[in-house]
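Report on one structure; see the data block that follows.
The values are calculated or read from the model by the stated rules, or taken from the named source; none is laboratory data. Fair warning: this is a prediction, and the values are worked out from it, not measured in the lab. FYI the Cβ positions are ideal-geometry reconstructions off the backbone, even for glycines, and counts take in every protein chain you see. Note: accessible area is taken over every heavy atom of the protein model, side chains too, but ligands, DNA and RNA are not part of it. Shrake-Rupley method; radii C 1.70, N 1.55, O 1.52, S 1.80 Å.
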Amino acid sequence: DQQVKQNSPSLSVQEGRISILNCDYTNSMFDYFLWYKKYPAEGPTFLISISSIKDKNEDGRFTVFLNKSAKHLSLHIVPSQPGDSAVYFCAASARNAGNMLTFGGGTRLMVKP
Amino acid sequence: EAGVTQFPSHSVIEKGQTVTLRCDPISGHDNLYWYRRVMGKEIKFLLHFVKESKQDESGMPNNRFLAERTGGTYSTLKVQPAELEDSGVYFCASSQGRVSGNTIYFGEGSWLTVV
């Protein structure tokens, strides 16, 4: 059973608009969440993270929101750029699980010029 | 500074053969991880080394998979004998410390196709 789910396999957005990528999790022991970006034929690249003690973390055009009661997090990209087109993975870790990351299935974002 | 490097980048082998994947972590990173992505699904954890010791190998699918990290530097992941369902991308990653305070850097992956 998947503990981290990204229910939208793909998302298409116009350049300059906001991209919102969603992620749901089931394990209440998760206390740290990350977003990774992946281009074809490359490994995942760390984008932004958030601890469970926070509900928002912002880094430039990227903001991650965490709703613990709903076990939901989202990544907002504003404004979206064509270079943001990639697969985005949500990942989570639990304090009692060492450094293991549990990944979602990924969402392919396409930003149209 | 060199990133996480993996070799080979692509490998095609027949069912029943053996394949050994190699990972060189970022210099100074004690933590080394193996993950894999099968058939475009989610990336799944295989195991975690701290230096030369296996910290967590709960994700290893079966005893056909053997990971080593002699001397706490590079690591190898051997699949013997390979089966069709082993096809996928095997990612290696490394970090200095705990995930919550340190970035985990991934390599570009080793694509394995078993025919």
Over chain A, what is the relative contact order in whole percent, taking alpha-carbon pairs under 8 Å and six or more residues apart? 37
From the phi angles alone, apply the Karplus equation (6.51, -1.76, 1.60; θ = phi - 60°) to the range A:47-55 and give each ³J(HN,Hα) in whole Hz, x where the residue is Gly or Pro. 10, 6, 9, 8, 8, 5, 7, 10, 10
Keeping every protein chain present and rolling a 1.4 Å probe, give me the accessible area per residue for chain B in Å². 50
Carbon and sulfur: what percent of the range B:3-72's accessible surface (1.4 Å probe)? 46
Test item: A:36-42 mean partner chain Cβ contacts at 10 Å: 3
Taking all pairs of different Cα atoms in the range A:2-111, averaging 1/r and flipping that mean, what Kirkwood radius in angstroms comes out? 13.9
What is the Cα centroid distance between the range B:85-115 and the range A:8-52, reported in whole angstrom? 17
Under 24 Å Cα to Cα from A:LYS56, which lysines show up? Leave out anything in the same chain fewer than 8 places away. A:LYS5, A:LYS37, A:LYS38, A:LYS68, A:LYS71
How large a share of the accessible area of the range A:46-86, in percent, is made up of carbon and sulfur atoms when the probe is 1.4 Å and the other protein chains stay in place? 49
In debye to the nearest 20, the charge dipole size for chain A, taken about the Cα centre with +1 at each Lys and Arg Cβ and -1 at each Asp and Glu Cβ, equals 100
Other chains' Cβ within 10 Å of B:36-42 residues: what's the mean? 4
Name the residue farthest towards the positive end of the dipole of chain B from the options B:MET60, B:TYR90, B:ALA2, assuming +1 on Cβ of Lys and Arg, -1 on Cβ of Asp and Glu, about the Cα centre. B:MET60
Any lysines with Cα under 27 Å of the B:LYS15 Cα? List them, leaving off those in the same chain fewer than 8 positions away. B:LYS41, B:LYS44, B:LYS78
Along the dipole axis of chain B (charges at Cβ: +1 for Lys and Arg, -1 for Asp and Glu; origin at the Cα centre), the most positive-end residue among B:TRP111, B:ILE13, B:PRO81 is B:PRO81
Among A:LEU11, A:PRO82, A:PRO40, whose Cα lies farthest out toward the positive end of the dipole of the protein assembly as shown, if unit charges sit on the beta carbon of Lys, Arg (+1) and Asp, Glu (-1)? A:LEU11
With a 1.4 Å probe on protein heavy atoms only, work out how much accessible surface B and A bury together, total over both chains, in Å² to the nearest 100. 1800
Antiparallel %, DSSP beta bridges [both residues in chain B], to 5: 90
So with the 1.4 Å probe, I'd like the accessible area per residue for chain A, rounded to whole Å². 48
Can you work out the Karplus-derived ³J(HN,Hα) for every residue in the range B:6-18? Use 6.51 cos²θ - 1.76 cosθ + 1.60 with θ = phi - 60°, whole Hz, and x for glycine or proline. 10, 9, x, 6, 9, 8, 10, 9, 8, 3, x, 7, 10
Student exercise, the protein assembly as shown dipole from Lys, Arg, Asp, Glu Cβ charges, in Debye to nearest 20: 360
